[in-house]
Amino acid sequence: MDNRFTAIMLGPPGAGKGTQAVRVAEKYEVPHISTGDILRDNVARETELGLKARSFMEGGDLVPDDLIIALIADRIEQGDADSGFLLDGFPRTLAQAVALEDLLREKEMPIEVVVLLDVNDDEIVRRISSRYLCRDCGRDANLGTGMITDVCPHCGGELYQREDDTAETVQNRLQVYRRQTAPLVEYYEGKNLLMKVDGIGSIDEISGRMFRDLEREWESGNG
Ligand code: ADP
Ligand code: ZN
């Protein structure tokens, strides 16, 4: 069996996918590929992709599949992904999942595990509307304590709120998730790839749970 770590982080907006994805990627020494981060970088640099994606993102809608699939195809071709990767924020539709499978079939590196971070709607709305990010280190200022600080608790940098982290947009993002992304849960369940992790608790508690389950599910079959 292949021992490359190829995984997907799935879950609603605000589930903490990004935070946990960084830790998983570090532990398994694979690139962390976040479509949200790549898109935001393109928006900031006003690239052709960024200009096309911007209005969708601000309204909390999905960027069209063809743009995202091209972006991922390109990213996966970069050499660092040959030994594995962790996808965060992709796939978000059934069409994206199917396109991913086609891409990976060519490379003979199928997805090994899909981590679902499970968080209920009330908690999501609460988290997103109180989410502040650091301009300097990019990290989330919310340490899970609910305490609001003036500057970044990690580096002292200036804090800001993401354009799509507003109360109205959050509702739309949740609805988009339920309609378009949630069907992927069943899809990956059917392929026996789904690993559901309780996403409530401190950041360390959640990664503790996740690593324990990953070790069991993935390392036992591959190590
Ligand atoms: P969230 O915190 O909601 O999980 P992300 O940072 O992953 O958000 O993505 C932010 C926005 O970027 C999404 O609301 C969407 O507009 C766009 N986006 C990111 N990934 C995808 C994707 N795979 N397909 C379509 N749109 C995407
Ligand atoms: Zn910082």
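The values are calculated or read from the model by the stated rules, or taken from the named source; none is laboratory data. Everything numeric in this text was worked out from a predicted model, so none of it was measured. Counting neighbours? That spans all protein chains shown, and the Cβs are built from the backbone with ideal geometry, glycine included.
Residues that are surrounded by fewer than 19 Cβ atoms within 10 Å (Cβ to Cβ) and under 21 Å from residue 7 (Cβ atoms) within the stretch 66-80 comprise 73, 74, 75, 77, 78, 79, 80, listed in sequence order.
Among the residues of the stretch 150-166, the one identified as more than 16 Å from ligand 2 (Cβ to nearest atom), more than 15 Å from residue 15 (Cα to Cα) and free of Cβ contacts under 8 Å to residues at least 40 places away in the same chain is 166.
Residues considered: 66, 41. Of these, the only one that is acidic (Asp, Glu) and under 17 Å from the mean Cα position of the chain (by Cα) is 41. On the stretch given as the stretch 19-52, residues that are more than 22 Å from residue 140 (Cβ to Cβ) and not β-branched (Val, Ile, Thr) total 8.
So which of 75, 40 ends up being at pLDDT below 95 and not aromatic (Phe, Trp, Tyr)?
Numbers: 75 fails: at pLDDT below 95.
Every option except 40 fails the conditions.
The single condition among (1) under 9 Å from the mean Cα position of the chain (by Cα); (2) part of a helix (DSSP H, G or I) that residue 33 does not satisfy is (2). Taking the stretch 13-30 as the range and being under 16 Å from residue 91 (Cα atoms) and at pLDDT 95 or above as the test, only 21 passes.
Pull up the stretch 102-121, narrow it to residues that are over 17 Å from residue 88 (Cβ atoms) and modelled with pLDDT of 90 or more, then point me to the one that is nearest to ligand 2 (Cβ to nearest atom).
Residues of the stretch 102-121 that are over 17 Å from residue 88 (Cβ atoms), as a first pass: 102, 105-110, 120-121.
Next, from what is left, pick out any that are modelled with pLDDT of 90 or more: 102, 105-110, 120.
Details: 102: 39, 105: 40, 106: 39, 107: 36, 108: 40, 109: 34, 110: 37, 120: 29 Å.
Filtering the stretch 102-121 for residues that are over 17 Å from residue 88 (Cβ atoms) and modelled with pLDDT of 90 or more, the one nearest to ligand 2 (Cβ to nearest atom) comes out as 120.
State whether the residues of the stretch 134-149 include one that is more than 16 Å from ligand 2 (Cβ to nearest atom), β-branched (Val, Ile, Thr) and under 17 Å from the mean Cα position of the chain (by Cα). Checking the stretch 134-149: not a single residue is more than 16 Å from ligand 2 (Cβ to nearest atom), β-branched (Val, Ile, Thr) and under 17 Å from the mean Cα position of the chain (by Cα).
Hey, among 15, 21, 53, which residue is buried (at least 21 other Cβ atoms within 10 Å of the Cβ), assigned to a helix (DSSP H, G or I) and either at positive phi or touching a strand residue (DSSP E or B) at 6+ places or on another chain (Cβ under 7 Å) (or both)?
So the residue among 15, 21, 53 that is buried (at least 21 other Cβ atoms within 10 Å of the Cβ), assigned to a helix (DSSP H, G or I) and either at positive phi or touching a strand residue (DSSP E or B) at 6+ places or on another chain (Cβ under 7 Å) (or both) is 21.
With respect to the conditions (1) part of a strand (DSSP E or B); (2) under 28 Å from residue 169 (Cα atoms); (3) touching a residue at least 60 places away in the same chain (Cβ under 8 Å), residue 61 lacks only one, and its number is (1). Do you know which residues across the stretch 88-146 are on the phi > 0 side of the Ramachandran plot and either free of Cβ contacts under 8 Å to residues at least 60 places away in the same chain or loosely packed, with under 14 Cβ neighbours inside 10 Å (or both)? Result: 108, 138, 144, 146.
Scanning the stretch 183-200 for residues that are of a type outside the set (D, E, K, R) and in contact (Cβ under 8 Å) with a residue 40 or more places away in the chain yields 183, 184, 185, 187, 188, 193, 194, 195, 197, 199, 200.
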